[in-house]
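The values are calculated or read from the model by the stated rules, or taken from the named source; none is laboratory data. Since the model is a prediction, treat every value here as computed from it, not as a measurement. Because the Cβ atoms are built from the backbone with ideal geometry, glycine has one as well, and the counts that use them run over all protein chains shown. Quick note on the areas: whole protein, heavy atoms, side chains included, nothing else; ligands and nucleic acids left out. Shrake-Rupley method; radii C 1.70, N 1.55, O 1.52, S 1.80 Å.
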Amino acid sequence: MRRGVGIQAIHKQNQQQKQLQNISEQLSSDNLKKISEQLTTFKTNLEEFALKHKKDIIKNPEFRKYFQDMCSTIGVDPLASNKGFWCQVLGVGDFYYQLAVQIIEICLKYRSTNGGLIELTTLTDHIRKMRGKTANEISSDDVEVSISKIKVLGNGYNILKIDSKKIVQSVPCELNKDHTDVLIKAQSQGGFIAVSHLSKMGWDQQRIKSVLDVLLSEGMAWIDDQSELKETLYWFPSLWSNTFES
Amino acid sequence: MSEHSSPSVKSPPITSAFPFPSYYNREPFFTLQPILNTQKKQLQMWQELILSYTRYHKIYELDINEYIKRGSELFNNEKIKRKLSQETIVAIFNEIVDSGYGEWLDKDKSRALVWWRKPDEWASIIYQWVVDSGQTDSILTVWEIQKGDDTKNLEFHEINTNILMKALKSLEKQGKAQIFSGSENNLGVKFFSTH
C-alpha cells in the first residue's frame with residue numbers, strides 16, 4: 001500500500017514547483033533579454049543604414065521603394081506612425097503624409113469632370129506640378145504607397161487595374177466587374193464605348209443600361225451625340241492622358 | 001452695313017491663333033450633358049473658354065446665330081467634327097448672364113453682351129486713366145474715350161458703347177463723374193477728382 005499523502009510530501013511538492021518556476025522564469029527572462037538585445041542591435045543597424053542612406057531614401061524614389069520593400073518583408077512599417085522613430089530619423093512619415101494630402105487635393109479638384117476616377121500617372125504628373133521643381137522627386141510607386149495609407153480612412157480610395165493602366169478611384173462608389181469591364185473595353189478602343197459594343201459582348205439591354213447609367217450618374221462618363229457611328233458614345237475622362245480641364 | 005449704329009460689333013472670327021485649352025478637343029465637350037452636376041461643370045468650362053476667347057479678340061457683343069451661320073471656331077471644332085447646338089449655346093450664355101458676366105440684348109436670345117471685364121472694372125480702369133493723365137475736372141467726349149488718339153494703346157480703346165455707358169454710369173453713382181446728355185452721338189463726361 002502506498003503511503004498516504006503526508007504533509008511533508010505536500011511541502012516537498014510545493015518546493016519542487018517553486019524551484020521549477022524559478023528556473024523557468026530565469027530562462028524566459030534570459031530569452032527576453034536576448035531577444036530585446038537582438039532587436040536593439042537590429043534597430044541600431046537599421047537606423048544606421050537609414051541614416052547613412054537618408055539622402056537617397058528621401059531624394060531617390062527608386063531607392064525609397066527598395067527600402068520600403070525591405071522594411072515590409074521584415075515586418076517593419078516606417079510609415080505606420082507619424083510620431084515614431086522613422087519620422088524623427090528620416091521624416092518619411094511626413095513625406096507620405098504630405099503626399100497623401102496632395103493626392104486628396106488633386107483628386108478633389110478634378111472630381112467634377114472625371115467622377116473621381118483618375119489615371120495614376122496623370123495624378124502623379126499633377127502632384128509633381130503642384131509640388132514644384134524644388135521638391136523631392138516622387139514616383140507613381142510613392143503615390144500608390146500613400147494611397148494604401150489613405151485607405152485606412154475608409155473605402156474612399158482604391159486603385160483599379162484597367163488593362164495596363166492603373167486608375168485611382170477617390171469616391172466611395174462600389175464598382176463591380178461589369179463597370180471595370182466597360183472601362184477596359186473603352187480603354188482598348190480610344191476612351192469611349194457605345195451600347196452596340198457591349199451588345200457584341202453578349203450583354204442584354206437591361207445589363208448594359210444599368211451599367212452605363214451608374215457610370216453616367218456618377219459623373220465618370222460623358223455622352224457624345226455627334227459621332228459618325230450614329231449612336232451615343234460614352235467617354236471616360238479618366239482614360240485620357242491629361243485631365244479634362246487643362 | 002450696321003457699322004454706323006454699333007461700331008464695336010465685330011464679325012465672328014472663323015479661325016484664329018487663339019490658344020484653345022485642350023478640353024476644346026474633347027468630343028463630349030460639345031454635347032450638353034444630361035447629368036446635372038456634370039452639366040454644371042461643363043457650362044462653367046464653356047463660360048471660361050468664351051470669356052478668354054472674347055477677351056483675346058476684344059469681342060464685346062456677339063450674335064449667336066451669326067456665329068453659327070459662319071461656322072466660327074468658337075462653337076465649331078472642325079478637327080474633331082463636333083459643334084455646339086443653338087440650344088446649348090443659349091444654355092451657356094444663360095449661365096454667363098446668371099453669373100454676372102454678360103447680358104442678353106434681345107428677347108430671342110440671339111445677341112448678347114459679354115463682360116470679360118465687368119462694367120465696374122472698366123469704371124475703375126477708365127477713372128484711373130483720367131487721374132493719371134491729369135484730366136480730372138475737364139470734359140471728355142465718349143468718342144474721345146473710345147476712339148481718341150490718347151487711348152489708342154489702352155485696353156478700353158474701341159470699347160463697346162453699351163458697356164462704356166454702364167461704366168460711366170457706375171462712376172456717376174460713385175460721385176466721380178457726370179454725364180452730359182447732349183446730342184446722341186456727342187455725349188460728354190466730366191470727371192471729378194475725389195479729394
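Some notes on this structure:
- Residues being at pLDDT 90 or above, in contact with an Asp or Glu (Cβ under 9 Å, 6 or more places away or on another chain) and assigned to a loop (DSSP other than H, G, I, E, B) are represented in region A:193-201 by at least one member.
- Residue satisfying all of: in region A:225-246; in a strand (DSSP E or B) and closer than 28 Å to B:Pro19 by Cβ; nearest to the other protein chains (Cβ to nearest Cβ) among these: A:Trp235
- Residue in region B:119-135 that is at pLDDT 90 or above, over 26 Å from B:Ser52 (Cα atoms) and open to solvent by less than 30 Å² (accessible area, probe 1.4 Å) present: yes
- Scanning region B:108-141 for residues that are assigned to a helix (DSSP H, G or I), within 30 Å of B:Asp98 (Cβ to Cβ) and either in contact with an Asp or Glu (Cβ under 7 Å, 6 or more places away or on another chain) or β-branched (Val, Ile, Thr) (or both) gives B:Ile125, B:Ile126.
- Checking the stated criteria, B:Tyr23 turns out to be buried (at least 16 other Cβ atoms within 10 Å of the Cβ), within 13 Å of another protein chain (Cβ to nearest Cβ) and at pLDDT below 95.
- The single condition among (1) at positive phi; (2) open to solvent by 30 Å² or more (accessible area, probe 1.4 Å); (3) not β-branched (Val, Ile, Thr) that A:Gly191 does not meet is (2).
- Residue satisfying condition, being open to solvent by less than 10 Å² (accessible area, probe 1.4 Å) and away from chain A (no Cβ under 14 Å), within set B:Tyr56, B:Tyr67: B:Tyr67
- When A:Met201 is tested against the conditions (1) more than 14 Å from chain B (Cβ to nearest Cβ); (2) among the hydrophobic types (A, V, I, L, M, F, W, C); (3) buried (at least 17 other Cβ atoms within 10 Å of the Cβ), the lone failure is (3).
- Residue check for A:Lys185: more than 14 Å from chain B (Cβ to nearest Cβ) and surrounded by fewer than 20 Cβ atoms within 10 Å (Cβ to Cβ): yes
- Residue match in region A:126-141 (condition: modelled with pLDDT of 85 or more, in the same structural domain as A:Ile184 (by TED's automatic domain parsing), of a type in the set (A, V, I, L, M, F, W, C) and under 26 Å from B:Met45 (Cβ atoms)): yes
- If you filter region B:27-47 down to residues that are of a type in the set (D, E, K, R) and either free of Cβ contacts under 8 Å to residues at least 12 places away in the same chain or away from chain A (no Cβ under 14 Å) (or both), you find that the one that is surrounded by the fewest Cβ atoms within 10 Å (Cβ to Cβ) is B:Lys40.
- Single condition B:Glu158 does not satisfy, out of (1) under 30 Å from B:Phe75 (Cβ atoms); (2) of a type outside the set (A, V, I, L, M, F, W, C); (3) assigned to a helix (DSSP H, G or I): (3)
- In region A:203-224, the residues that are among the charged types (D, E, K, R) and not in a loop (DSSP other than H, G, I, E, B): A:Arg207, A:Lys209, A:Asp213, A:Asp224
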